[in-house]
1. Restrict the check to the range 102-116 and report whether at least one residue is at pLDDT 90 or above, more than 27 Å from Lys12 (Cβ to Cβ) and open to solvent by less than 80 Å² (accessible area, probe 1.4 Å).
2. Looking at Phe74, Phe120 in this structure, which one is open to solvent by 50 Å² or more (accessible area, probe 1.4 Å), out of contact with any Lys or Arg (no Cβ under 6 Å at 6 or more places or on another chain) and in a helix (DSSP H, G or I)?
3. Considering only the range 77-91, state which residues are among the small types (Gly, Ala, Ser) and part of a loop (DSSP other than H, G, I, E, B).
4. Just to be sure before I move on: is Val64 open to solvent by 100 Å² or more (accessible area, probe 1.4 Å), among the hydrophobic types (A, V, I, L, M, F, W, C) and modelled with pLDDT of 90 or more in the structure I sent?
5. Would you check which residues across the range 24-37 are assigned to a helix (DSSP H, G or I) and over 17 Å from Lys71 (Cβ atoms) and list them?
6. In this structure, does Leu50 turn out to be assigned to a strand (DSSP E or B) and among the aliphatic types (A, V, I, L, M)?
7. Sort through Leu50, Leu96 and tell me the only one that's open to solvent by less than 30 Å² (accessible area, probe 1.4 Å), touching a helix residue (DSSP H, G or I) at 6+ places or on another chain (Cβ under 7 Å) and closer than 27 Å to Arg11 by Cβ.
Amino acid sequence: THLIIEDNLNRKNGKFVKDQRFSRKDSEIVSLELAKQKFLNEFVNNIDILVGHGLSSDFKTLRVNGIDLKKNYFDTSIIGAILTQNINMVSLAFLLDYYNVSHLDLHNAANDAEATLKVFFEMGKLKK
């Protein structure tokens, strides 16, 4: 399920990507409260490990909204810094280039999620 928060419908992007609202066949426009319930019931309660990129900011946003995730997680920005021997966490764009992964415009939640998953799978392959 793809949830669109009703209160955010008037927000615009355009700074990093085209101002084009993403939607899928299963997109639903819901209140923030309903989105939190669905997020917990349909997602969080059904996973063992969370995969993401730069998860510290996501965790902070969730905490501000009353959700404190207690899940094991794999953060591609942290693991990517180790695998590429960078001293700092690395950007998703850097990792996509490093692993030669094609992708759509970044800074769009759906595109970033897909790109992060592609990087995660590439990290699982052993380099020769």
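1. no
2. Every option except Phe120 fails the conditions.
3. Residue satisfying the conditions is Ser91 alone.
4. Here the answer is yes, as Val64 does meet what is asked.
5. Leu32, Glu33, Leu34, Ala35, Gln37, listed by residue number.
6. Judged against the criteria, Leu50 is a match.
7. Only one candidate passes the filter, namely Leu96.
The values are calculated or read from the model by the stated rules, or taken from the named source; none is laboratory data. In this text, all values refer to a predicted model and were calculated from it rather than measured experimentally. Every residue, glycine as well, gets a Cβ built from its backbone with ideal geometry; the counts of neighbours run over all protein chains shown. Note: accessible area is taken over every heavy atom of the protein model, side chains too, but ligands, DNA and RNA are not part of it. Shrake-Rupley method; radii C 1.70, N 1.55, O 1.52, S 1.80 Å.
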